[in-house]
Amino acid sequence: MKMKNVLILGASGAIAQHTIEKLQKDDTINLTLFARNAKKIKQFEHSNMQIVEGDVLNKSDLKEALKIADIVYANLSGPMEKFAETIVKEMEESKPKRLVFVTSLGIYNEIQGKFGVWNDRMIGGALKTYRKAADIIEASNLDYTIVRPAWLQNEDEVDYETTQKGEDFKGTEVSRKSVGVYIADIIQHPEKDSKASVGVNKPGTEGDKPSFY
């Protein structure tokens, strides 16, 4: 079976670490973990992993990391529009064309009712840059999956359902582990949710706001 070379940008993030834990058991995958601070991912030093310290917005750092990648998974926080612009530009000029990119629920005004109002009040300002990032990716020639998680909690569970762009978002919350496992599934099956923007939530968590608020 052909090996997949997977580059994880923002590998120290909580969701990414669940994805890594799932993928490190797959002997058909070579992982390259890219983070600003390599000390934060020392626990993942393993025979099938390479750890790279670098900055996504440093084009030479990113270009070098992309050389060996087949699939790129970006799990970043910060200037999302700049991240998307840089990643898309460098990927369009290099080998990998499969991108998984995490944004946020609410970027398409897809949340109905009181929860939608609450969500916009809580993170409405940040949603603008997440939406711009998604627009940049959707306009690219990449084979992308944009992931829009519900409000994140730390339960040790895998329990999720998904919605597609154009559908109303379901639920209010989801575990980081669930989102990490969903992303691992896309990486293992790259044809899944191709050219799609996907909401991820825990079934049965509908309400005016997440249970932990």
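What follows is calculated from the coordinates using simple rules that are stated; it is not laboratory data. Note that the coordinates shown come from a computational prediction; the quantities given were computed from them, not determined experimentally. Cβ: placed from backbone, ideal geometry, glycine included. Neighbour counts: every protein chain shown.
Since only 184, 130, 166 are under comparison, the one whose Cα sits farthest along the positive direction of the charge dipole of the stretch 129-213, derived from C-beta charges on Lys, Arg, Asp and Glu, is 130.
May I ask what percent, to the nearest 5, of DSSP beta bridges between residues of the chain are antiparallel? Show your work: numbers first, answer last.
Working: 4 of 36 bridges.
About 10 percent, rounded to the nearest 5.
Quick check on the chain: take the gyration tensor over C-alpha atoms, sort the square-rooted eigenvalues as a ≥ b ≥ c, and tell me if it's rounded (a/c under 1.5), prolate or oblate. Prolate.
Annotation: lysines with alpha-carbon distance below 30 angstrom to residue 170 (same-chain offsets under eight excluded): 22, 82, 97, 114, 128, 132, 192, 195, 202, 209. Rank 30, 211, 145 by how far each Cα sits towards the positive end of the charge dipole of the chain (+1 on Lys, Arg Cβ; -1 on Asp, Glu Cβ) and give me just the farthest. Of the listed residues, the answer is 30.
Can you give the convex hull volume of the alpha carbon atoms of the stretch 11-72 per residue, in Å³? Numbers along the way, then the final one.
Values: hull volume 5.1 nm³, N = 62.
Taking the convex hull of the Cα positions in the stretch 11-72, it is 83 Å³ per residue.
Work out the FRET efficiency for residue 68 and residue 135 from their Cβ-Cβ distance, taking R0 = 35 Å, and round it to the nearest 0.05. Efficiency computed from Cβ-Cβ geometry: 0.75. Spin-label pair residue 112-residue 55: with each label point 7 Å from Cα along the Cα-Cβ axis, the two points sit 4.5 nm from one another. Scoring 11-19, 199-207 by mean Cβ neighbours within 10 Å over their residues and listing the highest first yields 11-19, 199-207. Assuming charge only on the beta carbon of Lys and Arg (+1) and of Asp and Glu (-1), the dipole of the stretch 56-117 about its Cα centre is about 80 debye to the nearest 20.
Only four residue types carry charge here, +1 at the Cβ of Lys and Arg and -1 at the Cβ of Asp and Glu. Report the dipole size of the chain about the Cα centre in Debye, rounded to the nearest 20. Please list the in-between numbers first.
Details: 30 positive and 32 negative charges, 92 e Å.
The calculated dipole for the chain is roughly 440 debye.
From its DSSP helices (H runs of at least four residues, each -39,500 (n - 2.57)), the chain gives a residue-normalised ellipticity at 222 nm of -10500 deg cm²/dmol.
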